[in-house]
1. Under a straight-distance cross-link criterion of Cα-Cα below 13 Å, which aspartates and glutamates are reachable from residue 35, leaving out those fewer than 8 residues away in the same chain?
2. Expressed as a rounded percentage, what relative contact order does the chain have, with Cα pairs under 8 Å and six or more residues apart?
3. Taking residue 229 as the anchor, which aspartates and glutamates have their alpha carbon closer than 16 Å to its alpha carbon, excluding any fewer than eight residues away along the same chain?
4. Take each uninterrupted DSSP H stretch in the chain, measure its Cα extent along the helix axis, and return the ones at 30 Å or beyond whose mean Kyte-Doolittle hydropathy is at least -0.5.
5. Could you give the alpha-carbon Rg of the stretch 96-210 over 2.2 N^0.38 Å, rounded to two decimals?
6. For the chain, with a Gaussian network of springs between Cα atoms less than 10 Å apart, report the residue from 201, 55, 404 with the top mean-square fluctuation.
7. From the helices alone, meaning DSSP H stretches of at least four residues, give me the mean residue ellipticity at 222 nm for the chain, per-run term -39500 (n - 2.57), in deg cm²/dmol to the nearest 500.
8. Could you pull out every Cys in the chain that lacks a partner Cys with its beta carbon under 4.7 Å away?
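Just so it is clear, none of the values below were taken in a lab; they were calculated from the coordinates. Keep in mind the model is a prediction, meaning the values are calculated, not measured. All Cβ positions, even for glycine, are placed from backbone atoms using ideal geometry, and neighbour counts span all protein chains on display.
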Amino acid sequence: MATYFLATFGCQMNEHDSERIRGVLEEHGWSAASKADAADLLVYNTCAVRESAENRLRGRLGEASRRKKEQPASLVALGGCFAQSRGEKIFAELPFLDVAFGPQNIAELPSLLAAAASGSGPAYAFEDNQFPSAGLPTRRLDPFRAWVQVMTGCTNFCSYCVVPFVRGPERSRPAGDIITEVKRLAGEGVREVTLLGQNVNAYGLDLDPSSRLDFAGLLAQLDGIEGIKRIRFTTSHPKDLDRRLIEAIRDLPSVCEQLHLPVQSGSSFILGRMNRGYTREEYLEKVDQLYEAVPGLALTTDLIIGFPGEREEDFYRTTTLVRECRFDGAFTFAFSSRPGTDAAGLPGRVPEAAVKRRMREIVTLVQEIAAEKNSSLVGREMEVLVEGGSRHGGGQLRGRTRTNKIVNFTGKADPGMIVDVRIESATSTTLSGRR
């Protein structure tokens, strides 16, 4: 049986796409190899949003090129957003490549591989299809948690982001299809689902107004599905976060008290240059509404440091916003110019030394706040969904709270169980306890 090795770069949407890549390949007779050296096919599912992900990919592609020289009969396939952004010219850039496909062309992968193996030359597919992969077979690595795509694409055109160019406009899946999928997952033993979209808050806005559900309405429909104990969603855009969604987080039992709400900057001036569609004051007002409505809410965010034109005063406003919002965590990135975006041509590049200093300061601040918030949980009992053995070993188990905090704990429990754990210690990133 032919074997494949899959490496994934980027966001949760890419991870979910990789589940479908595995499912499609295995349905067509491929089996997974434990390491790249043992595989007949190397597949790289790629990201184009961050330069760091692209740099990691290029390191792996160097290995693939050497492997191709040593084993000419092996196949190398490149999928995802990076491949989509390059199009057909990717083969001139990477002449050892056999197959390239976009995130909406996963279903075509087996036929592309067959064409490449026949010796007819490189094969590719970059068509803009609407939800061609939503019904594809999936190969999940976690039996109790699952991702469910509710929409794809984005129409916000933030000045730094390539997503609208590589994943197309916002398109919502029909609610009935989503409900059917979640019911099926529940029947398979899944206890937690995470609804995915580039901007889940905009769900339904592109559907027929006479029959559509908004995102809060979709959550209400999913809340009553037997067996599903937890519902999460990502990513939320602040400009589309409304009172109905806040009330859904507050009122629906299965919707977790956790929200990822990317702010990117605490300066209204920089937010304007980013084309984010909201001001600092508007973001803070929504955070106030969230904390008032949902006591104990865990709030995380994304931050871009060193965006073109970011002055010291703009960075200071970001630090004060972080202090006011008291985030439980933040994915913090140094600005990276992405070809084809408006930000790539903006003046006012921030010196590298200043970016590194600001990054250190903001990461330290976020960690301090997260450590304080987690320390306040010591002594409490928290509901934990058990994932399996802890990476720390010693017979410990690992799971997550409803607020998505990682817990390493002692005691007996099986994966998939939801148990109460008394928290005994905490760091900025994890909790430790005993059942």
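1. In chain and number order, the partners are 63.
2. Values: 854 pairs, mean separation 42.3, N = 435.
Averaging sequence separation for qualifying contacts and normalising by length gives 10 percent for the chain.
3. Output for residue 229: 142, 181, 188, 192, 251, 257, 383, 387, 420.
4. Numbers: long enough: 352-375 (34 Å, -0.39).
Those that clear 30 Å and a mean of -0.5 are 352-375.
5. Details: Rg = 16.6 Å, N = 115, 2.2 N^0.38 = 13.4 Å.
In units of the 2.2 N^0.38 Å rule of thumb, it is 1.24.
6. Top of the fluctuation ranking is 55.
7. Working: 13 runs with 151 residues, N = 435.
My calculation for the chain gives -10500 deg cm²/dmol from helical runs alone.
8. 11, 47, 81, 154, 256, 325
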